[in-house]
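Chemist: Quick one: the structure is below, questions incoming.
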Amino acid sequence: MIKQIILWLAILLLGTSLLGRGVTMALAQGRIYGTPEAVPRHRVAIVFGAGVRNGRPSAVLYDRVASAVALYKAGAVDKLLMSGDNRFAHYNEPGVMRQTALQLGVPDADILLDYAGRSTYETCYRARAVFGLRDAVLVTQAYHLDRAIFTCSALGLSVVGYPADQRPYARMFWFQIREVGATLKAFWDVFIARPQPTPSEPLPIARSRNHSESARLLDSR
């Protein structure tokens, strides 16, 4: 009996997760654009963080930054908001993203950093609450883009997406499997838990002038 209950619970959980994926994919339909020239004009592109190794961006992260730079150079956006994890002194996703964008030709004045974008939810929440955004282009790989669009939309942002897939990724199968559970958690976060991300002083992008004005965390890193 206990085994049967566990089995049915597992089936229910899997079914709910897959349904969630279907919902987010449906919501993203018509909001994802395949070329920089097709992306509707926005002031800001939000670039989601990913892994950093030995101070260098992973392939996934490099492609996110490079794709955002392509939008910038095409005139689709004016600013790049790099949002990632920097909870440890030796691990700094936004800093690496900034250096990559600089190397690819983006002026420092047009790069803004969010050091507390530790999850998709936190990045979307802080984009509105800290940086004052109401709309944006989201830049991440296709497997993650529909969840990012759903999360930011649920938190009050009007968003479109630009996929950052520039090559095959070695762990893509794992990324896609993980996304099933991550999507279920996204529904939990936006509709039930509503966690409060790390507090920061408000920093509306409209009055940002340079990199030094990036989000200042109230609980100093």
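Chemist: Give the calculated FRET efficiency between Arg167 and Glu201 to the nearest 0.05, with a Förster radius of 45 Å applied to their Cβ-Cβ distance.
Modeler: Details: r = 38 Å, r/R0 = 0.84.
Computed FRET efficiency for Arg167 and Glu201 comes out at 0.75.
Chemist: Leu113's amide H: which non-local residues (gap 5+, or another chain) put their own amide H closer than 5 Å, with H modeled 1.01 Å from N in plane and none for Pro or chain starts?
Modeler: The answer is Met82, Ser214, Ala215.
Chemist: Let me ask another. Taking amide H positions as placed in the peptide plane 1.01 Å from N, state which residues far from Arg118 in sequence (5 or more) or on other chains have amide H under 5 Å from it.
Modeler: Thr123
Chemist: First select every other residue whose beta carbon is under 13 angstrom from the beta carbon of Arg31; then total the charges, Lys and Arg +1, Asp and Glu -1.
Modeler: -1
Chemist: At what distance in nm do the modelled label points of Arg56 and Lys73 sit from each other, each positioned 7 Å from its Cα along Cα→Cβ?
Modeler: Reported label-point gap for Arg56 and Lys73 is 2.1 nm.
Chemist: Taking 0.36 nm per residue of separation and subtracting the Cα-Cα distance, what length does fully extending Arg31 through His90 add?
Modeler: Details: separation 59, 0.36 × 59 = 21.24 nm, distance 3.63 nm.
Full extension of this stretch gives 17.6 nm more.
Chemist: Given H placed on each backbone N at 1.01 Å, which residues far from Asp135 in sequence or on other chains put an amide H within less than 5 Å of it?
Modeler: Under 5 Å from the amide H of Asp135: Ser158.
Chemist: Each residue of the range 197-204 in order: what ³J(HN,Hα) in whole Hz does its phi give by Karplus 6.51 cos²θ - 1.76 cosθ + 1.60, θ = phi - 60°, with x for Gly and Pro?
Modeler: Using θ = phi - 60°, the values come out as x, 4, x, 9, 5, x, 9, x Hz.
Chemist: Tell me, what is the percent relative contact order of the range 2-213, built from C-alpha pairs under 8 Å that lie six or more residues apart?
Modeler: Numbers: 364 pairs, mean separation 52.4, N = 212.
Relative contact order here is 25 percent.
Chemist: For the range 70-172, just say rounded, prolate or oblate: build the C-alpha gyration tensor, square-root its eigenvalues into a ≥ b ≥ c, call rounded for a/c under 1.5, and beyond that prolate if a/b exceeds b/c, oblate if not. Intermediate results must be reported in sequence, preceding the final value.
Modeler: Numbers: a/c = 1.14, a/b = 1.10, b/c = 1.03.
Since a/c stays below 1.5, the shape of the range 70-172 is classed as rounded.
Chemist: Could you tell me the calculated FRET efficiency between Gln176 and Ala129, based on Cβ-Cβ distance and R0 = 35 angstrom, to the nearest 0.05?
Modeler: On the way: r = 30 Å, r/R0 = 0.86.
Computed FRET efficiency for Gln176 and Ala129 comes out at 0.70.
Chemist: Restricting to bridges with both residues inside the range 2-213, how much of the DSSP beta-bridge set is antiparallel, in percent to the nearest 5? The partial results should precede the final answer.
Modeler: Working: 4 of 23 bridges.
For the range 2-213, the DSSP antiparallel bridge percentage is about 15.
Each reported figure results from applying straightforward, stated rules to the coordinates on display, with no laboratory input. All values reported here derive from a predicted model rather than from experimental measurement. No Cβ is skipped: glycine too gets one built from the backbone with ideal geometry, and neighbour counts run over all protein chains shown.
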